[in-house]
Structures are given as C-alpha cells and as structure tokens.
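See structure below.
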Amino acid sequence: MNKNSNSYQIIYSAIMVVLVGAVLALIYMNLKPKQDVNIANDTRSQILSALHIAVASDDEIPATYEKYITQDLLVDLEGNVLDSAKNCAFDVDMKKNMKLDENERQLPVFKCTLDDGSVKFVIPVYGAGLWGPIWGYVAVNDDGNTIYGADFSHESETPGLGARITEDAFQDQFVAKELYQDGEFKNVSVMKKGQTPTDGSDYVDAISGATITSRGVGAMMKQCMAAYDPFFKKLQSVTE
C-alpha cells in the first residue's frame, strides 16, 4: 500500500486511535480501584475533620473512621430513620442527590461516638460557590441544636479568596453556633463583617473578598440543614 495515499493515512490514523484508546481504557481500569479508595478516604477524612479528629497518616483513616462513626442513618422528611445499614449514608452521592426533587432526596446522617462517650451527628451539605460545587460536613451535638464542628471543601474556588472556606479560621467560627433560636429553626448565617442577620439567627463572618462563595456556604447550609429540622427536633425532645 502506498504510504503517501489518503487511504493509508486514514487507516493508519484509525488504528492508532483504537490502540491509544485501548491503552488508556486499560490504564483507567487498573487505576480506578485505587482512585475509588482515595476518594472514599478523602470523604472519611472530611467527616472526621468536622468532628475535630486528626489522623496521623492516610493509612490510618479507615480504622479511625470505623472507630468513631458508629452508625450510618438515612432519615425521611419527618425525621424518621428509614435505614441504618452499614454505609447507607456513606454511599449517597450528594451531587446527584441534590439534583432530585426535595421529596425524593435521601437525608444521610453519620452518628459518631467520641472517646468521652458524647454523641454527635454529622450532616453532609452540598451547594454552589463562585466557580463550581462546594460541599462539606457539619457535626451537631446530640442536643439537635449546637454545632460541634464543620469542614468545607470546593472544586474550583479562587485561591486566597473563596478557597479559604477550607481554612480553620473560617470553619472554626461555626463551633458552638446554634441552629435554633427560641425553638425555631434559623440555621447559621454567613454575613459580611460588621453586619448581622435580620432574622435573629446565629452568624459567622464571611470571607473578605469572597462574597459569592461565602453566600454559597450560607445558602448551602440553609438548604441542606433545613431538611433535617424534624430529625433535630426529635433529638431535642430526647435531651429535654
């Protein structure tokens, strides 16, 4: 076959595309299990971070998670537990979950027991920042009201600005804030420094220069946490 002919060039290109595609597919298949493990460990690490539990190395993440996360729960809009099977909460894809109609969403809860015997409930949250998705985990005391800790992450927020939602300086502001005021769910607002919410809710200072991302965190918290209002009230009734 004439190597300078059009037919040769087309056949050669097609063969190369198939070969390269096959090699890339093989690499992906070999790497995917490891990628899945890394993604799962990153999620576990974020949940533990919301609980102020530090892990010395990545290898310790699974065992530490199993030690403190004592139960997975899925609850409904009335606060009733629908499922408590192992990993039923962990396996919920929050990105897909938040695209569903409100009545169709799953409400995952991670129950944690700390070394001192205290119980916390970790709630996953998912929303939108300036440039892409933001998400996180909010740990609530067993009083169903007080925030114990929070951990937020992002996909593509601006370094030094919106990306600072991952920093302790921002996240630690949520500690000890209350979701309820006078028995009514108010959430925790994210306000420009010097401003206060008009609804009487607890609040934290927004990140300077990152107004949209800060608002995104506030909106994410309000939208996601509000769905757990009946669940939180059931916790409150137990501790009263």
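At a glance:
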read-out: Residues (out of contact with any Cys (no Cβ under 8 Å at 6 or more places or on another chain) and among the charged types (D, E, K, R)) located in the range 60-100; value: GLU60, GLU66, LYS67, ASP76, GLU78, ASP83, LYS86, ASP91, ASP93, LYS95, LYS96, LYS99
read-out: Flag for LEU74 being touching a residue at least 24 places away in the same chain (Cβ under 8 Å) and either among the hydrophobic types (A, V, I, L, M, F, W, C) or surrounded by 12 or more Cβ atoms within 10 Å (Cβ to Cβ) (or both); value: yes
read-out: Pairs, first hydrophobic (A, V, I, L, M, F, W, C) in the range 208-224, second part of a helix (DSSP H, G or I) and modelled with pLDDT of 95 or more, C-beta under 7 Å, six or more apart; value: ALA210/GLY162; ALA210/ARG164; VAL217/ILE165
read-out: Residue identified as modelled with pLDDT of 95 or more and either under 15 Å from GLY144 (Cα atoms) or under 22 Å from the mean Cα position of the chain (by Cα) (or both) among LYS222, LYS234; value: LYS234
read-out: Qualifying positions in the range 78-130 - of a type outside the set (A, V, I, L, M), under 27 Å from ARG164 (Cβ atoms) and in a strand (DSSP E or B); value: PRO108, PHE110, CYS112, LYS120, PHE121, PRO124, TYR126, GLY127
read-out: Test: GLY144 is part of a loop (DSSP other than H, G, I, E, B) and either surrounded by fewer than 19 Cβ atoms within 10 Å (Cβ to Cβ) or of a type in the set (Ser, Thr, Tyr) (or both); value: no
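Here's the yes/no breakdown for (1) within 14 Å of the chain's Cα centre (by Cα); (2) crowded, with 22+ Cβ neighbours inside 10 Å; (3) among the basic types (Lys, Arg):
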{"position": "GLY117", "(1), (2), (3)": "no, no, no"}
{"position": "ALA128", "(1), (2), (3)": "yes, no, no"}
{"position": "VAL138", "(1), (2), (3)": "yes, yes, no"}
{"position": "ALA150", "(1), (2), (3)": "yes, yes, no"}
{"position": "GLU157", "(1), (2), (3)": "no, yes, no"}
{"position": "THR166", "(1), (2), (3)": "yes, no, no"}
{"position": "PHE170", "(1), (2), (3)": "no, no, no"}
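The values are calculated or read from the model by the stated rules, or taken from the named source; none is laboratory data. This one's a predicted model, so the numbers in the text were calculated from it and none came from an experiment. For neighbour counting, all protein chains shown are included, and Cβ atoms are generated from backbone atoms with ideal geometry for every residue, glycine included.
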